[in-house]
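Worksheet for the structure shown next.
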Amino acid sequence: MKLLIVEDEKDLNYAMTKALRKEGYASDSAYDGEEALKMLKANEYDLVILDLNLPKIDGIDVLKKIRENDLKTRVIIVSARSEIDDRVLGLNLGANDYVIKPFDFKELEARIRTSLRINYTSSPTLLVIGDISLNTNSKEVQVKGKTISLTSKEFGILEYLMVNKDRLISNFELFSHVWEGNTDNYLYTDTLKYHIHTLKRKLSQDTGIDYIINKRNQGYRIRGNDE
Ligand code: CA
């Protein structure tokens with residue numbers, strides 16, 4: 001899952017980016033509204049953390065721009081209590097949630113998880129398909145009840161495939177939701193192949209089952225419940 005953190009307080013932006021990367025999210029930073037809109041144009045983000053009081057272009061205007069042509073990207077506003085009217089306005093304009101500054105990092109992460117899960121599962125933390133279960137809270141992955149250890153990129157790939165279980169995901173889409181930075185013209189294929197290869201091997205080590213289906217030149221899909 002790929003996040004954009006829009007916050008002009010450099011220390012806070014840095015702390016959030018660092019903490020969220022540690023939690024396994026591909027996280028990019030923007031420090032003003034103009035930069036945020038540029039990055040949103042160039043990349044696909046699953047969720048945006050948006051400060052309201054920003055240089056160049058205000059957070060509310062960034063939100064309006066996002067919602068002009070995109071209803072899918074989740075937006076969580078972070079703002080000071082004094083901006084409470086703006087917060088309400090933010091929700092009316094299509095933000096998914098808000099967090100009041102100063103906030104506890106654990107709370108922010110819980111809100112992120114909930115916002116990312118809203119559309120596709122009844123449980124905010126546990127994804128289960130066939131033999132595989134993935135806990136987005138503890139980051140634990142099990143195959144037939146046995147815990148396996150994944151790198152953050154392997155986890156990111158598996159989570160994205162499980163969340164989008166009913167469709168084929170192209171190399172490009174997978175890469176751009178799991179890797180940081182501008183992935184527009186990146187030479188990503190070999191990197192992605194390598195991580196998918198190690199992920200497949202770890203998943204299948206006990207069962208011998210290939211849990212990730214690869215359709216040549218089309219993309220990847222997680223093996224369904226009854227396949
Ligand atoms: Ca600010």
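The values are calculated or read from the model by the stated rules, or taken from the named source; none is laboratory data. Worth saying up front: this structure is predicted, and the values here are computed from it rather than measured. Here Cβ is always computed from backbone atoms with ideal geometry, including for glycine, and neighbour counts include all displayed protein chains. Just so you know, the surface numbers come from the protein's heavy atoms only, side chains and all, with ligands and any DNA or RNA stripped out. Shrake-Rupley method; radii C 1.70, N 1.55, O 1.52, S 1.80 Å.
For this structure, a couple of remarks:
- Cα-based radius of gyration of the stretch 126-222 once divided by 2.2 N^0.38 Å, which approximates compact folds: 1.03
- Think of a 1.4 Å ball rolled over the protein heavy atoms: the chain then has 51 Å² of accessible area per residue.
- Surface composition of the stretch 1-119: carbon and sulfur atoms hold 50% of the protein heavy-atom accessible area at a 1.4 Å probe.
- Choice from 173, 107, 159 with maximal GNM fluctuation in the chain (Cα, 10 Å cutoff): 107
- FRET efficiency, residue 44 to residue 144 (Cβ-Cβ, R0 30 Å, nearest 0.05): 0.35
- Cα convex hull volume per residue for the chain (Å³): 123
- Positive dipole terminus of the chain, leading residue within 33, 158, 73 (C-beta point charges): 158
- Value of Rg to Rh for the stretch 63-154 (Rh from inverse mean 1/r over Cα pairs, i.e. Kirkwood): 1.08
- Distance in nm between pseudo-label sites at residue 85 and residue 135 (7 Å out along the Cβ direction from Cα): 4.6
- The stretch 129-227 - charge dipole about Cα centre, Lys and Arg +1 at Cβ, Asp and Glu -1, debye rounded to 20: 220
- 0 to 90° range, to nearest 10: angle between helix 105-117 axis and the chain longest Cα axis: 60
- Relative contact order of the stretch 2-121, pairs being alpha-carbon contacts under 8 Å that are 6 or more residues apart, as %: 22
- For the cross-link pairs 10/65; 2/144; 72/146; 10/41; 18/139; 65/193, the ones whose C-alpha atoms lie over 26 Å apart are 2/144; 72/146; 65/193.
- Normalised by 2.2 N^0.38 Å, where N is the number of residues, the alpha-carbon radius of gyration of the stretch 1-103 equals 0.96.
- Calculated FRET efficiency for the pair residue 216/residue 103, C-beta based, R₀ 35 Å, to 0.05: 0.15
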